[in-house]
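What follows is a set of notes on a single structure, which appears directly below.
The values are calculated or read from the model by the stated rules, or taken from the named source; none is laboratory data. Model, not experiment: these values are computed from the prediction. All Cβ positions, glycine included, derive from the backbone under ideal geometry; neighbour counts span all protein chains shown.
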Amino acid sequence: MPDNTWVAIAFGYSMNSGLDIAMIKVINGRVFVTDESVHHYGPPMPDYSQNVQAQRASYANGVLRVTFSRPVFASEYFADHSLAGCTPWQFVTVGGMVHGYHRIGKHFQYPIIRNVCTQQCRI
């Protein structure tokens, strides 16, 4: 993954209906993990309550490694999606450019969408 780019995992059906996003940006070699949301087509905005927490993050030689957590249940009605039950997860593995320090460009490839049922997940 090149420097000054982003990847993400978005929870929800579509940008039109709103997505809750675990956004991961690499800016000048530093990793930033934020809780963001998007409604309709436009750039995502950081959530008021940052409930995505990075556990570990590293970026070296173009390889990004991030472990993060977030609550299953939504804490912000407008911005968060509950992960209870079965929910579409959208994996943006080829994001876009980061402009300045936090504005992002459109993703280069469409997300990989999987329906994830958290009651079937095991740790």
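Where residues in the range 29-49 are of a type in the set (S, T, N, Q) and closer than 21 Å to Lys106 by Cβ, which of them is surrounded by the most Cβ atoms within 10 Å (Cβ to Cβ)? It would help to see each step written out before you state the result.
In the first step, residues of the range 29-49 are kept if they are of a type in the set (S, T, N, Q); the result is 34, 37, 49.
If we keep only those that are closer than 21 Å to Lys106 by Cβ as well, we get 34, 37.
Details: Thr34: 18, Ser37: 22.
By that ranking, first place goes to Ser37.
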Subset of the range 1-36, residues in a strand (DSSP E or B) and of a type in the set (S, T, N, Q), comes to Thr5, Thr34
For the range 50-60, which positions are surrounded by 13 or more Cβ atoms within 10 Å (Cβ to Cβ) and either in contact with a Gly (Cβ under 7 Å, 6 or more places away or on another chain) or touching a residue at least 24 places away in the same chain (Cβ under 8 Å) (or both)?
Asn51, Val52, Ala57, Tyr59
Of the residues Ala79, Ala57, Ala8, Ala74, which is modelled with pLDDT of 95 or more and in contact with an Asp or Glu (Cβ under 9 Å, 6 or more places away or on another chain)?
Ala8
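Of the residues that make up the range 72-87, is at least one assigned to a strand (DSSP E or B), in contact with a His (Cβ under 7 Å, 6 or more places away or on another chain) and either free of Cβ contacts under 8 Å to residues at least 24 places away in the same chain or buried (at least 17 other Cβ atoms within 10 Å of the Cβ) (or both)? Give the derivation first.
Pass one, the range 72-87, residues assigned to a strand (DSSP E or B): 86-87.
Next cut, in contact with a His (Cβ under 7 Å, 6 or more places away or on another chain) only: 87.
Then keep just the ones that are either free of Cβ contacts under 8 Å to residues at least 24 places away in the same chain or buried (at least 17 other Cβ atoms within 10 Å of the Cβ) (or both); that gives 87.
The answer is yes; a qualifying residue exists.
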When the residues of the range 88-123 are filtered to those that are touching a residue at least 60 places away in the same chain (Cβ under 8 Å) and of a type in the set (A, V, I, L, M), which remaining residue is surrounded by the most Cβ atoms within 10 Å (Cβ to Cβ)?
Val92
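Using the structure shown, decide if Ala10 is surrounded by 15 or more Cβ atoms within 10 Å (Cβ to Cβ), free of Cβ contacts under 8 Å to residues at least 60 places away in the same chain and closer than 17 Å to Val116 by Cα. Walk me through how you get there before you give the answer.
Working: surrounded by 15 or more Cβ atoms within 10 Å (Cβ to Cβ): yes; free of Cβ contacts under 8 Å to residues at least 60 places away in the same chain: no; closer than 17 Å to Val116 by Cα: yes.
No.
Tell me which residues, restricted to the range 104-123, are over 18 Å from Met1 (Cα atoms) and not aliphatic (A, V, I, L, M).
Hits for the range 104-123 are Arg114, Asn115, Cys117, Thr118, Gln119, Gln120, Cys121, Arg122.
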Does Lys25 count as under 14 Å from the mean Cα position of the chain (by Cα), of a type in the set (Lys, Arg) and modelled with pLDDT under 90?
no
Filter the range 36-61 for residues that are out of contact with any strand residue (DSSP E or B) (no Cβ under 8 Å at 6 or more places or on another chain) and hydroxyl-bearing (Ser, Thr, Tyr) and give the result.
Tyr41, Tyr48
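Go through the range 70-87 and give me each residue that's under 13 Å from the mean Cα position of the chain (by Cα) and over 22 Å from Ile27 (Cβ atoms).
Of all residues in the range 70-87, those under 13 Å from the mean Cα position of the chain (by Cα) come to 70, 79-81.
Hits for the range 70-87 are Ala79, Asp80, His81.
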